[in-house]
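A.B. asks: Below is the structure I would like to discuss, written out as structure tokens.
The values are calculated or read from the model by the stated rules, or taken from the named source; none is laboratory data. Quick caveat, the model's predicted, so the values are computed rather than measured. Neighbour counts are summed over all protein chains in view; Cβ atoms, including those assigned to glycine, are modelled from backbone coordinates with ideal geometry. Surface areas here come from the heavy atoms of the whole protein model, side chains and all, with no ligands, DNA or RNA. Shrake-Rupley method; radii C 1.70, N 1.55, O 1.52, S 1.80 Å.
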Amino acid sequence: MYIEPVKKSKSDSFTENVIDDDFRLLTADARQAGERALVRKLDSRLMPTAVFIYLLNYIDRVAVTAARLQGLEQDLGLTTVQYDTILAILYVTYCPAQIPSNMILSYISRPSIYIGSCVVAWGLTSALTGVTKNFTGIMVCRVFIGLPEAAFYPGIMYLLSRWYTRKELAVRSAWFYCGLLISNAFGSLIAAGILARMQGVLGLAAWRWLFYIEGAITMFFGFLTMWLLPDFPHNTRWLNAAERRLSQVRLAEDAGEADKDSDDLTIYDGLVLAIKDPKTIIFMFMACSQLLGLSYINFFPTLTQTLGFSTTITFLMAAPPWIFASVCCVLNAWHADRSGERFFHIAGWWWVVILGYIISLATMATGGRYFSLFLMTTGYCGFALTLTWVASAIPRPPAKRSVAMGLVNGFGNLGNLMGSYVWDPSWGPQYHQSMIIALCGLVLSSSLGFLMRWILINENKRMDKEEKTLMEGPGRERIEEAARLEGITFEEAVKRRKGFRYLY
């Protein structure tokens, strides 16, 4: 009996072609080249955008410290305590807002729109700082600028963790964090140029122009951000279907499971899971004590001014230490990715800062003090990898990871809030008391970091023991048979089978 073959309809053929196209980069021939091209595309679009926004973020946030040297306190009639308060009040909104912001970010589908809108909002608030007339006005601006800024740093770090594997994440995090370090270098130079040339233009003080110009630039780039940033691997508009599929597969392979939340996991479940994990609590206090130890950053122009030079020269001298720190940051992260080590690549730089504090405590000589500023700036090479360590130590589910990163960075910035009152002008120009407090903060963070390293090592040993048990008896026989069929050694088969391990 003759059976007529079934003819495929055009729609069936189209569907098969679409499916084939989705998986074309997962074939053995195309995978390696496709993955390299995907990472290059992300590096050329996501990373420059994140770095430049971070540069604008910190310039806007610390513009008030540059404005202080050009008459902001006198024009607004601020006392020393009021000035310290306008620095600290930012963190009152900035710290707690990071947690709900990252919860929202893990729930929405278009982080590019969300983060871009926040950039526009803080640029507008920064620009409005230039029209303030008194303490109340600038306090209101500082309160509200902390809300949109809270979305940025932990939000971008979470977004990076949704695109890059553990072996790629550290160096990308460092490139991103270089935006902060560069902003401290070139932000000072930009401030010096504006403050030196804009005094009296249109009858306005130069420090007001500083806020207008920086705020306007930030708002403009915020709108560009909505187009430049990616969303998530499954829905980014400027990637094709095959690239989106490859993005999801490589992250699933990196962690041993899909990088997505289960359907029944709510936004609040991620919060509960993060709070219940002791690693989150340890990271929170480690970050807080670390940032207390590095809180000199908001007073860096003031510390540079203790060298005894004019305002413009002070800004110019503040730049080289941060350029040096940027180079160290990238090299440190590159080596951290290559080695897979975390603790010493983070804590080692805190110990360099401690050495810088000791030098500053021992001498007021210009050369010694300036050298100590170079050592102090390198502390942020360690902080740049903190959330990278959090992301690899608390990897799944993404909702838990997102909230944990928000908790760690939000609580950690309480160290900056406390630091706003640590660098009291009455303790200057030596600032010995300030440095001793900061030094103690770094000793505490080092202890907590060592505790985290010990916990992760023991977790890895436990997983090794469990896998060893599974590979005895029938389990070993199955692996030997798989190795024979694939034409590889037993050791190679075991290596392929070995699952996720924490980086410590």
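A.B. asks: Starting from the alpha-carbon convex hull of the stretch 295-435, give the projected area averaged over all orientations, in nm².
C.D. replies: On the way: hull surface 36.3 nm².
If I average the Cα hull's projected area over directions, I get 9.1 nm².
A.B. asks: Further question on the same structure: Note the full-extension length gain between E253 and H234 as 0.36 nm times their separation in residues minus their Cα-Cα distance, in nm to one decimal.
C.D. replies: Numbers: separation 19, 0.36 × 19 = 6.84 nm, distance 1.57 nm.
Gain on stretching E253 to H234: 5.3 nm.
A.B. asks: How big is D for the stretch 357-457, in µm² s⁻¹ as a whole number, if Stokes-Einstein is applied with the Kirkwood radius of its Cα pairs at 20 °C and 1.002 mPa s?
C.D. replies: Working: Rh = 15.7 Å.
For these conditions, the coefficient is 136 µm²/s.
A.B. asks: Report, in cubic angstrom per residue, the convex hull volume of the C-alpha atoms of the stretch 126-166. Mind showing how you got there, number by number?
C.D. replies: On the way: hull volume 2.6 nm³, N = 41.
It is 63 Å³ per residue.
A.B. asks: How large, in percent, is the carbon and sulfur part of the accessible surface of the chain at a probe radius of 1.4 Å? Walk me through the numbers on the way to the answer.
C.D. replies: Details: 14050 of 21650 Å².
Carbon and sulfur together cover 65 percent of it.
A.B. asks: In addition: Return a whole-number percent for the relative contact order of the chain, with Cα pairs under 8 Å and 6 or more residues apart as the contact set.
C.D. replies: That works out to 22 percent.
A.B. asks: Could you work out how far helix 135-149 tilts from the main Cα principal axis of the chain, as a 0 to 90 degree angle to the nearest 10?
C.D. replies: 10
A.B. asks: Mind checking the log10 I(q)/I(0) for the stretch 54-197 at q = 0.20 Å⁻¹? Debye, one equal scatterer per Cα, no solvent, two decimals.
C.D. replies: Each listed q corresponds, in turn, to -1.26.
A.B. asks: How high is the FRET efficiency between E467 and D424 when r is their beta carbon distance and R₀ equals 51 Å, given to the nearest 0.05? Provide the component values of the computation, followed by the final result.
C.D. replies: Numbers: r = 55 Å, r/R0 = 1.07.
Here the calculated transfer efficiency is 0.40.
A.B. asks: Give me the number: length gained by fully extending F371 to E341, i.e. 0.36 nm times residue separation minus the C-alpha to C-alpha distance, one decimal in nm. Can you show the working numbers first?
C.D. replies: Working: separation 30, 0.36 × 30 = 10.80 nm, distance 2.84 nm.
That works out to 8.0 nm of additional length.
A.B. asks: Taking only protein heavy atoms and a 1.4 Å probe, what accessible area per residue, in Å², does the chain have with all protein chains in place?
C.D. replies: Details: 21650 Å² over 504 residues.
Dividing the accessible area of the chain by its residue count gives 43 Å².
A.B. asks: Would you mind calculating the gained length between R501 and Q32 on full extension (0.36 nm times residue separation, minus the Cα-Cα distance), in nm to one decimal?
C.D. replies: On the way: separation 469, 0.36 × 469 = 168.84 nm, distance 2.34 nm.
Once the chain is fully extended between R501 and Q32, it gains 166.5 nm.
A.B. asks: Against the longest alpha carbon principal axis of the chain, how many degrees, from 0 to 90 and to the nearest 10, is the axis of helix 241-255 turned?
C.D. replies: Approximately 80 degrees, to the nearest 10.
A.B. asks: Something else about it: How much accessible surface does S117 have with a 1.4 Å probe, in Å² rounded to 10?
C.D. replies: Probe radius 1.4 Å; accessible area of S117 about 50 Å².
A.B. asks: Do any cysteines of the chain lack a neighbour Cys whose Cβ is under 4.7 Å away, and which are they?
C.D. replies: For the chain, the answer is C95, C118, C141, C178, C288, C328, C440, because their Cβ atoms have no other cysteine Cβ under 4.7 Å.
A.B. asks: Taking only Cα atoms, what is the 0 to 90° angle, nearest 10, from helix 398-412's long axis to the longest principal axis of the chain?
C.D. replies: Result, in degrees: 20.
A.B. asks: Over the Cα atoms of the stretch 38-89, what radius of gyration and what Dmax do you get, in Å?
C.D. replies: Expressed in Å, the Cα Rg and Dmax of the stretch 38-89 come to 17.3, 54.
A.B. asks: What does the highest-first list of 452-460, 51-59 look like by mean Cβ count within 10 Å?
C.D. replies: Values: 452-460: 16.1, 51-59: 22.7.
The peptides rank, most packed first, as 51-59, 452-460.
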